[in-house]
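The values are calculated or read from the model by the stated rules, or taken from the named source; none is laboratory data. Being a predicted model, the structure only gives us computed values, none of them experimental. Neighbour counts run over all protein chains shown; Cβ positions are idealised from the backbone, glycine included. Calculation scope for accessible area: heavy atoms of the full protein, side chains included, ligands and nucleic acids excluded. Shrake-Rupley method; radii C 1.70, N 1.55, O 1.52, S 1.80 Å.
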Amino acid sequence: MTERNIPARARVARAIRALATLVRASQWWDYKLAPILVIFYATLVREGASLALEYREAAILLVGLIAGAAYVSVSNDVADRRDDRIAGKANRVEGRSHGAIAVLLAFPVSIGCMVAWHWRNDPLLLLAYGGAWLAFTAYSLPPLRLKARGAAGVMADALGSQCLTSIVAALAATRGIGHAPDPLWVAAVAVWSGAYGVRGILWHQLHDAAADRASCTGTFVQRHGAIRTRTFVSRFLFPIELVALAAVLAMIPGRASLAGLALYGLFAIGKIERFKLRAVLVEPVDRYLLILFDFYIVFWPITLLIAAAIPNPLDAVVLAAQLLLFPVSNGRTLRDGIRLSRRLLT
């Protein structure tokens with residue numbers, strides 16, 4: 001069948017899939033976006049605002065986050081071409097012309113500039129959003145290329161991927177309803193998301209340890225080793241994440257988030273026992289469960305949105321949108337829940 005005979009809808013779907021593959025969307029869509037969006041929802045809940053009525057600000061935030069994540073994926077692949085060749089890893093921009101690479105970088109940057117222009121009258125929000133882009137750039141691209149500079153790379157990635165973007169979500173929510181941001185809330189969000197972001201990049205570095213070793217990339221894990229990295233996470237980083245998470249949850253009205261945490265706990269225990277999984281904080285192993293991961297991307301946003309929709313039925317639209325935006329993680333959790341239920345009943 002020729003390209004001309006393929007229906008327009010199919011061509012568009014194929015182009016979207018190709019673009020998603022190129023920017024590695026499957027590696028960050030659920031894992032990065034959902035924990036940031038839940039901060040947007042939680043901020044509105046704290047302010048007593050309707051989530052559905054802030055659809056415009058939510059859409060702009062989502063577009064801005066996607067543009068930044070796409071830029072990170074492409075810029076990191078561009079900077080990693082030599083290292084990936086040495087390590088024998090596939091690189092999605094390998095062999096592409098300079099013009100094609102320029103277009104791939106310019107497209108998300110132009111979208112990010114438009115989002116920044118929308119926020120131009122809010123200096124604090126603009127600073128946080130621009131700071132995330134700068135952190136992304138410093139992490140991947142020369143001359144800084146902090147990825148190969150140990151702890152500096154870890155901090156840059158955590159700032160860009162979770163910390164500053166979570167602050168952006170909190171500030172965008174208060175901006176949408178015309179309220180001043182609560183400094184204590186923003187601080188708690190910053191500490192929690194920063195710790196979670198550091199844990200995320202260390203997990204990635206442990207996963208890529210063999211490739212980074214082959215290419216002599218001086219990541220934190222390569223400089224300090226897997227054992228010291230795990231010790232750092234278990235004795236220092238994860239306790240900070242837990243304390244900050246407790247502060248964040250305590251500042252959200254109602255008990256929906258705590259109910260989500262309790263449900264997650266039962267779910268995680270059931271998966272570990274019934275599916276013979278190993279609970280881990282940071283190290284990828286065979287058949288593992290990353291602690292709190294499913295809470296951040298599934299249980300927390302879903303329970304928070306259900307609770308918000310009870311007094312404001314219009315907010316059910318946001319719940320439906322959340323389910324549609326993240327079908328992979330939500331669907332996987334639903335299937336696992338059904339499997340657990342069947343095993344408990346048999």
Problem set entry | Convex hull projection area averaged over all views, the stretch 108-222, Cα basis, nm² | 7.6
Problem set entry | 30 Å Cα cut-off, lysine pairs counted over the chain (separation 8 or more, or different chains) | 5
Problem set entry | Separation of the Ala180 and Ile310 label points, Cα + 7 Å toward Cβ, nm | 3.3
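By the scheme Lys and Arg +1, Asp and Glu -1, what is the net charge of all other residues having a beta-carbon under 14 Å from that of Glu241?
Net charge around Glu241: +2.
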Problem set entry | Nearest-10 value in Å² for the accessible area of Lys276, using the 1.4 Å probe | 150
Seminar exercise, completed: Charge tally for neighbours of Arg342 with beta carbon under 12 Å away, counting Lys, Arg as +1 and Asp, Glu as -1, is +3
Exercise. Over the chain, what lengths in whole Å, largest first, do the semi-axes of the equivalent ellipsoid take, defined as the square roots of 5 times the eigenvalues of the alpha-carbon gyration tensor?
Worked result: 30, 26, 23
For this session: Can you send over the solvent-accessible area of Met155, 1.4 Å probe, protein chains only, in Å² to the nearest 10?
Result: 100
Seminar exercise, completed: In this structure, the FRET efficiency calculated for Leu134 and Ile227 from their beta-carbon separation, with R0 = 30 Å, to the nearest 0.05, is 0.35
Exercise. In nm, to one decimal, how far is the Glu94 label point from the Trp117 one, both placed 7 Å along Cα→Cβ?
Worked result: 3.8
For this session: Taking 7 Å along the Cα-to-C-beta vector as the label spot, tell me the His207-Ala246 distance in nanometres, rounded to one decimal.
Result: 3.0
